Each structure stands twice: as C-alpha cells, then as structure tokens.
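Have a look at the structure below before the remarks.
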Amino acid sequence: MALDARRLGVLLAVHRAGGVVAAADLLHLTPSAISQQIAKLEAEEGVEVLHRGPRGVTLTAVGLMLAEAAERIESELVEARKQIATIGPDVSGRVTIGAFQTVTRSVVAPMLVELAETAPGLEIDVHEVETDDANRGLRSGEYDIAIVEHDSSAERPVPRGFREVPLLDEPWRIAVPTSMATPTSLQDLTDAVWIGSEKTTAAARALSRVVDLAKPTRSTLHSTYSYEVAIALVAAGQGVALLPALALEHADVAGVDVVPIAGLGMRHIAARHRANRHEPTPAVTAVIDALLAQVVTLDLGYIG
C-alpha cells in the first residue's frame with residue numbers, strides 16, 4: 001500500500017508542534033481528527049509511530065523516519081510550486097497529452113485548472129487513450145506527453161530517445177459485493193469468480209498475477225474495459241474485481257465493498273516524453289512539473 005502523504009503531513013505536524021493538541025491548532029483540526037489520522041497511518045503501515053504516555057506523545061524510531069520522509073515530500077511540493085510560479089505568462093505553446101481515463105479525471109483535469117491561472121500562455125490538448133495508443137502517438141509525434149501505466153511486476157523499458165518521469169505508484173484494491181463476506185487475504189477468494197479486464201491493460205496483467213496467487217477454483221468471467229463497468233458488475237453480484245485506487249475516486253460504489261489486501265501490488269503511472277537536443281520544450285517541462293505537483297495532492301488512503 002502506498003504511504004498516504006496527507007497522513008504523513010499530520011504526523012509531521014505532531015512532530016513539529018510537540019503533541020496532538022498543538023498539532024490540531026497548527027492544522028486547524030480537532031485533536032480527535034489528528035488522532036484518527038495517526039491511527040489510520042499506523043493501521044495501514046502496521047507500525048507504531050507514536051509513544052503514548054501520561055505526559056503526552058513522542059515519535060517512535062519509525063515515526064521519526066516517516067516524519068523525515070514527510071519533510072522531504074513537503075520540500076519537493078514547495079519546489080514544484082515554485083517552479084510553477086516561475087512559469088508565468090512567458091511560457092507558451094501547445095502541449096498535446098495522451099492519457100487514460102482514471103489519470104485524466106483525477107490528475108490531468110485538475111492540473112488544467114491550475115495551469116489556466118499560472119500559465120495562460122499554454123494551450124493543452126488532452127486525448128483519452130490507453131497506454132499502447134499513447135505510446136504510438138508519442139512516437140509518431142501526435143502527442144508531446146504520453147501518460148502510461150504498468151503493473152508493478154511488469155515494468156517496461158523506456159525506449160531510446162525518450163524519458164519517463166514517475167508520477168504515482170497507487171495500490172490495487174479488491175472490490176467485492178456487499179453480500180459477500182469481506183476477505184482478509186487472497187486465500188479467502190479461492191471460490192470467487194474474478195471479473196476480467198481488457199488484455200492490453202495494466203489491470204489485466206495485475207489480475208493474471210493475483211489470480212495465480214489466489215488459485216481460484218472457478219473461471220474468470222466477463223471482460224471489461226471500463227472500471228465503472230467492472231464496479232457495476234461487482235455490485236450486480238457477478239464476481240470480484242481488481243481495481244486501482246484512482247478508479248475509486250468519486251466512483252459510485254453502492255453495493256460494493258472495497259478491500260485493501262496484502263500482496264496485490266501497485267500500478268505504476270509515469271509521464272513519458274521525447275528527449276533529444278530540442279526536447280522537452282519549456283512548455284512540455286512546465287506541464288510535467290504541474291503534473292508532479294498535482295499528484296502530491298491526491299489522497300488515495302480514503303478506503304480501508
């Protein structure tokens with residue numbers, strides 16, 4: 001499971017302020033909200049980050065390590081914001097992006113709102129395509145940036161003449177009908193029917209890996225291209241599905257329970273662009289910086 005940057009920020013506030021109550025004042029939250037975020041961080045990572053004593057709290061060794069990581073994330077975000085601020089109206093040009101649905105909805109679209117204010121000279125043209133088509137468009141010159149996905153177990157090398165900037169590693173989740181007992185491990189899904197994914201996607205490669213681990217006694221059913229369709233089939237009791245966390249942002253999950261299970265792995269998302277004497281252009285660099293700043297704001301730990 002990916003570390004939740006927002007929960008790390010709460011831990012950093014506790015470290016800086018010297019306690020939960022002081023951190024609550026610093027973040028304009030209630031002490032209860034601070035405690036809940038810390039408890040979720042500990043539950044998600046399986047570690048204790050605070051020593052709780054009669055005189056207050058102190059960070060454990062792991063807590064200190066995570067607080068230092070939060071400081072680095074904060075520093076990177078500040079730097080990214082500075083870079084965006086320096087773009088200004090002088091950077092101009094047209095940048096064409098090929099990106100798949102979930103990242104377009106949760107990352108690219110919000111980034112466009114930011115760039116409209118900070119870099120009005122940029123014209124962004126977004127095309128919703130899957131990874132293979134995005135790569136083909138990048139090679140042909142149709143796209144300036146291809147946002148690509150890989151299952152973490154099947155990384156693909158970056159071709160010569162191109163560069164890939166990592167954007168996000170997001171966890172895979174299991175979606176099950178609410179009528180089904182909540183699984184705690186892949187072994188609980190031996191008798192489950194898995195809902196299939198279109199074979200060229202990272203979801204299909206991840207599903208093949210997870211099914212090998214679960215060793216189901218029943219065949220995979222259906223073939224879905226859209227995560228919304230997969231969720232609807234789960235809600236209809238047709239089986240269980242493997243979904244990336246981004247697919248669950250703002251999704252209608254009525255009739256569905258979403259479960260984080262150990263061993264599911266991650267979906268790796270990156271921005272790929274041409275790299276030569278003339279590229280990336282300042283406009284492409286500005287867009288990639290904006291993408292990096294946008295993914296830091298994501299909260300993918302809202303389920304679980």
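The values are calculated or read from the model by the stated rules, or taken from the named source; none is laboratory data. As the structure is a computational prediction, the values presented were derived from the model and not from experiment. In this analysis, Cβ positions are derived from the backbone assuming ideal geometry, glycine residues included, and neighbour counts consider all displayed protein chains. Areas reflect the complete protein model, heavy atoms only, side chains present, ligands, DNA and RNA absent. Shrake-Rupley method; radii C 1.70, N 1.55, O 1.52, S 1.80 Å.
Rounded if a/c is under 1.5, else prolate if a/b is larger than b/c, else oblate: which is segment 223-274, with a ≥ b ≥ c the root eigenvalues of its Cα gyration tensor?
prolate
Quick one: dipole size for the chain, taken about the Cα centre, charges +1 on Lys/Arg Cβ and -1 on Asp/Glu Cβ, in debye to the nearest 20. Dipole magnitude for the chain comes out near 500 debye. Using all pairs of distinct alpha-carbon atoms, the Kirkwood hydrodynamic radius of the chain works out to 21.1 angstrom.
Would you mind calculating the relative contact order of the chain from Cα pairs under 8 angstrom and at least 6 residues apart, reporting the percent as a whole number? All intermediate terms of the calculation are to be shown ahead of the outcome.
Working: 510 pairs, mean separation 66.9, N = 304.
After rounding, I find 22 percent.
Working from Cα pairs under 8 Å separated by at least six residues, relative contact order for segment 85-196 is 26 percent.
Gain in length, ALA181 to ALA254, computed as 0.36 nm per residue apart minus the alpha-carbon separation, to one decimal in nm? Let's see the in-between values first.
Details: separation 73, 0.36 × 73 = 26.28 nm, distance 1.59 nm.
Using 0.36 nm per residue and subtracting the Cα-Cα distance, I get 24.7 nm.
For the options ALA69, ALA286, ALA230, a Gaussian network treatment of the chain with springs between C-alpha atoms closer than 10 Å singles out ALA69 as fluctuating the most.
What would the Debye equation give as log₁₀ I(q)/I(0) for segment 95-158 at q = 0.19, 0.20 Å⁻¹, counting only Cα atoms as equal point scatterers? Treating every Cα as an identical point scatterer, log10 I(q)/I(0) equals -0.74, -0.80. Placing a label point 7 Å from the Cα of LYS199 along the Cα-to-Cβ line, no residue of segment 135-156 has its backbone N under 12 Å from it. For segment 127-249, the C-alpha radius of gyration divided by 2.2 N^0.38 Å, with N the number of residues, is 1.18. Between GLN238 and ARG6, the C-beta separation translates, for a Förster distance of 30 Å, into a calculated FRET efficiency of about 0.30.
Enumerate the helices in the chain for which the Kyte-Doolittle hydropathy averages 1.6 or more and the C-alpha atoms extend at least 20 Å along the helix's axis, using complete DSSP H runs. Walk me through the intermediate numbers first.
On the way: long enough: 31-45 (21 Å, -0.43); 61-87 (40 Å, 0.38); 282-296 (22 Å, 1.79).
TM-like helix candidates: 282-296.
Take the Cα of PHE162, go 7 Å toward its beta carbon, and the backbone nitrogen atoms of segment 107-138 under 11 Å from that spot belong to 131-138.
A 1.4 Å probe run over the protein chains yields, for the chain, 48 Å² of accessible area per residue, whole-number rounding.
When the square roots of the Cα gyration tensor eigenvalues are ordered a ≥ b ≥ c, the ratio a/c for segment 210-304 is 1.5 or more and a/b exceeds b/c, which makes its shape prolate.
Can you give the FRET efficiency for ALA61 and THR30, using 1/(1 + (r/R0)^6), R0 = 25 Å, r = Cβ-Cβ distance, to the nearest 0.05? According to the calculation, E is roughly 0.35. Surface composition of the chain: carbon plus sulfur atoms hold 54% of the accessible area, using a 1.4 angstrom probe and ignoring ligands, DNA and RNA.
Estimated from helical segments only, the mean residue ellipticity of the chain at 222 nm is -12500 deg cm²/dmol, where each DSSP H run of four or more residues counts as -39500 (n - 2.57).
Any idea what the relative contact order of segment 1-60 is, in percent, if you count C-alpha pairs under 8 Å spaced at least 6 apart? Display every interim value, and only then the final one.
Numbers: 56 pairs, mean separation 18.7, N = 60.
Relative contact order here is 31 percent.
Since only ALA13, THR102, VAL78 are under comparison, the one whose Cα sits farthest along the positive direction of the charge dipole of segment 1-135, derived from C-beta charges on Lys, Arg, Asp and Glu, is ALA13.
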